[in-house]
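For reference, the structure is listed below as structure tokens.
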Amino acid sequence: LVLFATQGFAGGVLDDRLTTRAHATALPDGSLPPYHPADARAPEPAAADLHRALTERWPGERHPVLLSDRVDLFVFYPYHGFLQWNAHYAHPASRFAQRVDWLRRLAASPDPAAFAAALGRHPYGPLDAFVLRDEGEALTVSFDEDNFPNGTRRTTLRFPRTLFDPTAFDVVDLGEVVVAVRH
């Protein structure tokens with residue numbers, strides 16, 4: 001009986017979609033776990049590549065505050081998130097909804113100078129760097145907003161690429177992701 005129960009449990013764990021997903025997810029260095037599925041591919045760039053790009057560009061002594069939906073950066077490296085990736089994980093004192101409203105206005109800035117100036121004048125503390133997904137003319141960040149009473153809804157903010165002017169940002173394009181660090 002114990003043998004059958006153990007076999008059922010092990011089979012259930014190994015065949016579970018979350019186990020398969022974990023085996024297909026890249027490690028911080030970009031490599032895949034030893035038991036990854038044959039069709040799995042490591043996404044580019046790896047968290048280690050993003051960390052390197054940020055470290056090379058960040059002039060400050062404290063850890064920078066990032067706007068990013070790359071959870072792996074926050075899990076494996078000492079960065080602070082400007083906006084939590086899920087409203088339900090955000091501390092109530094962080095004013096998640098107000099930050100989202102401010103970011104929406106920021107994304108609609110009329111020109112790069114106004115965009116850069118707004119980063120220095122807001123009530124939410126520093127916003128030092130952006131790690132955003134490259135979608136051509138727009139750089140995006142996604143997160144889950146509260147959708148009471150139905151849990152959350154996925155939201156994507158689009159920042160025009162032109163807002164990240166080289167006079168105010170050190171920008172590096174890593175393919176699928178763009179890193180922009182304020183000067």
* To do: Take the Cα gyration tensor of region 34-75, multiply each eigenvalue by 5, square-root it, and list the three semi-axes largest first, rounded to whole angstrom.
  => 27, 11, 8
* Asked: Put +1 on the Cβ of each Lys and Arg and -1 on the Cβ of each Asp and Glu in the chain; which of Ala5, His183, Asn150 then has its Cα farthest toward the positive end of the dipole?
  -> Asn150
* With everything on Cα atoms, drop me the angle between helix 96-107 and the longest principal axis of the chain, reported from 0 to 90° to the nearest 10. => 60 degrees
* Structure fact -> Output for region 127-183: GluC sites (Glu not before Pro) sitting in coil per DSSP, at most 12 other Cβ within 10 Å, listed by number, reads Glu137, Glu176
* Given +1 on the Cβ of Lys and Arg, -1 on the Cβ of Asp and Glu, and no further charges, what dipole in debye does the chain carry about its Cα centre, rounded to the nearest 20? -> 540 debye
* Under a 1.4 Å probe, what is the accessible area of the chain per residue, stated in Å²? -> 58 Å²
* For the Cα atoms of the chain, what angle does the longest principal axis make with the long axis of helix 2-15, in degrees from 0 to 90, nearest 10? -> 30 degrees
* Let me have the relative contact order for the chain, percent, based on Cα pairs under 8 Å that are six or more residues apart. => 19 percent
* Structure fact -> Matching label for the computed volume of the Cα convex hull per residue in Å³, out of (1) 129; (2) 165; (3) 119, is (2)
* **Under DSSP loop assignment and at most 14 Cβ neighbours within 10 Å, longest trypsin sites (Lys or Arg not before Pro)-free interval of the chain** => 122-183
* Structure fact -> With a 1.4 angstrom probe the carbon and sulfur portion of accessible area for the chain, in percent, totals 57 percent
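The values are calculated or read from the model by the stated rules, or taken from the named source; none is laboratory data. Keep in mind that this is a model prediction, so the values were computed, not measured. With ideal geometry, Cβ positions are generated from the backbone for all residues, glycine too; neighbour counts draw on all protein chains shown. Note: accessible area is taken over every heavy atom of the protein model, side chains too, but ligands, DNA and RNA are not part of it. Shrake-Rupley method; radii C 1.70, N 1.55, O 1.52, S 1.80 Å.
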